[in-house]
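Here is the structure we will look at.
Bear in mind that the values in this text are calculations on the coordinates, not laboratory data. Only a predicted model underlies this, so the values are computations on that prediction, with no experimental measurement involved. Glycine also receives a Cβ, built like all others from the backbone with ideal geometry; neighbour counts cover every protein chain displayed.
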Amino acid sequence: MTSTDNTRKNTPGGIRARWNNLSRPQQWLALVPVVVLIYFIPVIDPPLLTTEPYTNFPIAMVHAAELAMVAIGLNVVVGQAGLLDLGYVGFFAVGAYVAALLTSKESMLHKLPYLATLPLAMVVTMLAGVLLGLPTLRLRGDYLAIVTLGFGEIVRLLATLVPALNGQVGFADVGHPPGTNADGSLIFSARDGTPWYWLVVTLIIILLLFVGNLERSRVGRAWVAIREDEDAAQIMGVPTFKFKLWAFAIGAAIGGLSGALVAGQTGFMNNQNFSVAFSVLYLAAVILGGSGNKVGVMVGAFIVSYIPDRFTNLSDRKYLIFGLFLVVLMIFRPQGLLGARQRLLARGRQAYQRLVGRGEQISSDSSVSAEGGGQA
Amino acid sequence: MHPLTVFLADSSWINFDVTSFRQEFWDNTFNGLTFGAIYALIAMGYTLVYGVLRLINFAHSEVFIAGAYALVFTLSGLGFDGSVPGLSTLALIGDMLLACLVAMLASGAIAVLLERIAYRPLRRKGAPPLAFLITAIGVSFAIQYAIFIWRGASAEPAVILFVPKALFSAFGTNITNQQLIIFVAAIVLMLLIDQFIQRTRFGRGVRAVAQDPDTATLMGVNKERAIMLTFLLGGLLAGAAALFYVIKVPSGVVFNGGFTLGIKAFAAAVLGGIGNIRGAALGGLLIGLVGNYGQTLLGNAQWSDVIAFVVLVVVLMFRPTGILGESLGKARV
């Protein structure tokens, strides 16, 4: 064990161990340049990374950021609490329609400022999450998967069938945050991705702080317990239903927020963006990056969103390649690109080893990376 | 009036058309049973694989659509097209059986290949269940878009086998030969599969692996072969379903046409109790019926999906493992 640990110093596992050994302020300090770089990416438009001339680069980056936010929300449900949700696009749709209905000139409801609809979208989707969760969260595993899939389909079909939601005609002129440039043009327009990118990234950072704190709290520990073994968690006194409902509600709220943001950014919303295929794509982003790992799911979301934008000349072939890529990836790295951080489980193992008296100090993730690395 | 009340009161989108529901009740029943039989055949594929591997085989809808393509190609090769063929009954049946056989073989081959290439390596590694699901999704995407690149976005030209003709009437509606053929043939196929699983040596092997793979292996059951057999059976049934589907919807063969059908078939399998063959049959028929009733009652074809899923959710609330429960593994020797 010790020898394998030494040989693994240069692997990602080793980097992760070193990262975990840094103190909190040190981690913050190290993150500052990364965050700055991320903020300025659409302005820099790096030559190798650029999606021009196929897709406007800032727009491609907004797409990636929006998908990253969706992935963070879905990760709470799938990665943290282990609830398989195949209808996540339903929440996304609810959020998008809240924003569209309350800001577009074409809807008959009262108009609100766009920024005010963001929290409102979160509240409404949270309610939708609770409404869906209350009857269905007693189901396990694959039954939950099919019910959530059904929910996604129902939302999509209602968007088509309810006249007030305008079906395929949709809503044009969805609102946007206020503000004009010096020349009087709008700061937040559908054509310029950069301000939207900054807005979404800022919101993502806030969400990451929030979700990260949840992860480390009692709630997060309960989620991990439920994910690993629901019956055992229940027996140990974890109110599993309550925490599953929380996971659903929080995941839904984040989905709704991203829906509202997408509606505002594109400035147009109709019923064509909510098919099951999108739920599947979101899930693919989460699993690809590494379900349960916040950084991982963002990387996964970036890949899923970036590749079609970058290689539009592949046009039809991109989905074929994407599908094959998923298959190959799962064969060689079933836990995703970056596996889940199992600090909690690792601590349990440490305690166990101390108890049996081997007195061996293992780094927090070495056992995990040993499992994963051994296969690759 | 406050706009919100206008918005909420604008409920013209939902109106119950009870008169036509009453008038067309039996019509809907027979049509629903016909569609239900098709769902049931596809649902069998989901349920067999789930019963043995605990895996939602998302790519099963693509196994089905591959069979449908093979069927359409065979039929156009035999000279069928959008016009009504002037063949004798015997020749027609012969052609249909040939095309059905080709479709079944194509679907079966795709299903077995899928198992060999995509799922077996994962099983060897003991990958987590989510990895299987993502693989299934990946395969589903790959097959769909491989067909898309090959055949384009538009549906294959319609292939008409025969014109539905009223045979006799019951409850005030005519029952056509089309409905009767699909329903009876599907039921016969399902009974065959059920008996195969219940009575034969191979079927016993499948049930043993479903119940406890390790013990089954120790008892001399070839686990890999049993798993392959379930995929093959599911594929064969999907191929047969492709024939019935094309008879019912002659121009419905399109690259993503399997997806929605697959979702409904999967819902049917869950409704009946996933892993349970008889449950899949029951669930399929129920989904077909409920969808057809809902469509007439609410006056729009798209409501049929909404109603199907609402029924699924309601049933699962009261019977969390489906109507008949999961039981492929529960041996009744």
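Cβ crowding within 10 Å ranks A:Thr194, B:Thr217, A:Thr103 as B:Thr217, A:Thr194, A:Thr103, fewest other Cβ atoms first.
Couplings 3J(HN,Hα) of the stretch B:283-289, computed from phi: x, x, 4, 4, 4, x, 5 Hz, in residue order, whole Hz [Karplus 6.51 cos²θ - 1.76 cosθ + 1.60, θ = phi - 60°; x for Gly and Pro]. When chain B is treated as a GNM with alpha-carbon contacts under 10 Å, the residue of B:Ala238, B:Ala127, B:Ala269 showing the greatest mean-square fluctuation is B:Ala127.
Is the shape of the stretch A:187-300 rounded, prolate or oblate, going by the alpha carbon gyration tensor and its root eigenvalues a ≥ b ≥ c, with a/c under 1.5 for rounded and a/b larger than b/c for prolate? The shape class here is prolate. Classified by the C-alpha gyration tensor, the stretch A:146-240 has an oblate form. Its axis ratio a/c, with a ≥ b ≥ c, is 1.5 or above, and a/b does not exceed b/c. Shape analysis of the protein assembly as shown places it in the oblate category; the axes a ≥ b ≥ c from the Cα gyration tensor give an a/c of at least 1.5, with a/b not above b/c.
Taking amide hydrogens as placed 1.01 Å from N in the peptide plane, the amide H of A:Leu186 sits under 5 Å from those of A:Asn181, each at least 5 positions away in sequence or on another chain.
The calculated pair-distance distribution of chain A uses every alpha carbon pair, bins of 20 angstrom beginning at 0, and gives 27, 57, 15, 1 percent. Charge tally around A:Phe274: other residues with Cβ under 13 Å, Lys/Arg +1 each, Asp/Glu -1 each, net 0. Compute a Gaussian network model of chain A, connecting alpha carbons closer than 10 Å, and tell me which residue from A:Thr117, A:Thr312, A:Thr240 fluctuates the most. Checking each option, the largest mean-square fluctuation is seen for A:Thr312. For the protein assembly as shown, the residue among A:Ala64, B:Asn28, B:Val159 whose Cα projects farthest onto the positive side of the dipole built from Cβ charges is A:Ala64.
In terms of surrounding Cβ atoms within a 10 Å radius of their Cβ, A:Ser107, B:Ser83 rank from fewest to most as B:Ser83, A:Ser107. Looking at the stretch A:171-239, none of the chymotrypsin sites (Phe, Trp or Tyr not before Pro) sits in a DSSP loop with at most 16 other Cβ atoms within 10 Å of its own Cβ.
Treat the count of other C-beta atoms within 10 Å as a stand-in for reagent exposure and order A:Leu338, A:Leu157 from fewest to most.
The fewest-first ordering by Cβ neighbours comes to A:Leu157, A:Leu338.
Backbone phi angles across the stretch B:253-264, fed through the Karplus curve with coefficients 6.51, -1.76 and 1.60 (θ = phi - 60°), yield HN-Hα couplings of 8, 9, 4, 9, x, x, 4, 5, 4, x, 4, 5 Hz in residue order; Gly and Pro are listed as x. For chain B, the number of Lys pairs separated by eight or more positions or lying on different chains, with C-alpha atoms closer than 22 Å, is 4. Summing Cβ point charges (Lys, Arg +1; Asp, Glu -1) relative to the Cα centre of the protein assembly as shown gives a dipole of roughly 2340 debye. When you restrict to C-alpha pairs under 8 Å that are six or more residues apart and normalise by the size of the stretch A:153-275, the relative contact order lands at 43 percent. For chain B, the relative contact order is 35 percent, taking Cα pairs closer than 8 Å that sit 6 or more residues apart in sequence and dividing their mean separation by the residue count. Of the candidates A:Ile307, A:Ile250, A:Ile331, which one comes out as most mobile in a Gaussian network treatment of chain A with C-alpha springs shorter than 10 Å? With Cα springs under 10 Å in chain A, the top fluctuation among A:Ile307, A:Ile250, A:Ile331 is at A:Ile331. Just to be sure I understand the curve: with the Debye formula and one point per C-alpha of the stretch A:61-119, what is log10 I(q)/I(0) at q = 0.17, 0.27, 0.30 Å⁻¹? Cα-only, vacuum Debye calculation for the stretch A:61-119: -0.69, -1.07, -1.15. Couplings 3J(HN,Hα) of the stretch B:60-74, computed from phi: 5, 4, 6, 4, 5, 5, 4, x, 5, 5, 4, 5, 5, 5, 4 Hz, in residue order, whole Hz [Karplus 6.51 cos²θ - 1.76 cosθ + 1.60, θ = phi - 60°; x for Gly and Pro]. Take every Cα pair under 8 Å whose residues are at least 6 apart in sequence, average their separation, divide by the length of chain A, and the relative contact order is 28 percent.
Taking the Cα centre of chain B as reference, the dipole from Cβ charges on Lys and Arg (+1) and Asp and Glu (-1) amounts to some 1240 debye. Amide H contacts for B:Leu167 (H built 1.01 Å from N in the peptide plane; partners 5 or more residues away or on another chain; cut-off under 5 Å): B:Ile175, B:Thr176, B:Asn177.
Spatially, the stretch A:218-278 and the stretch B:164-204 are offset by 43 Å when compared through their Cα centroids.
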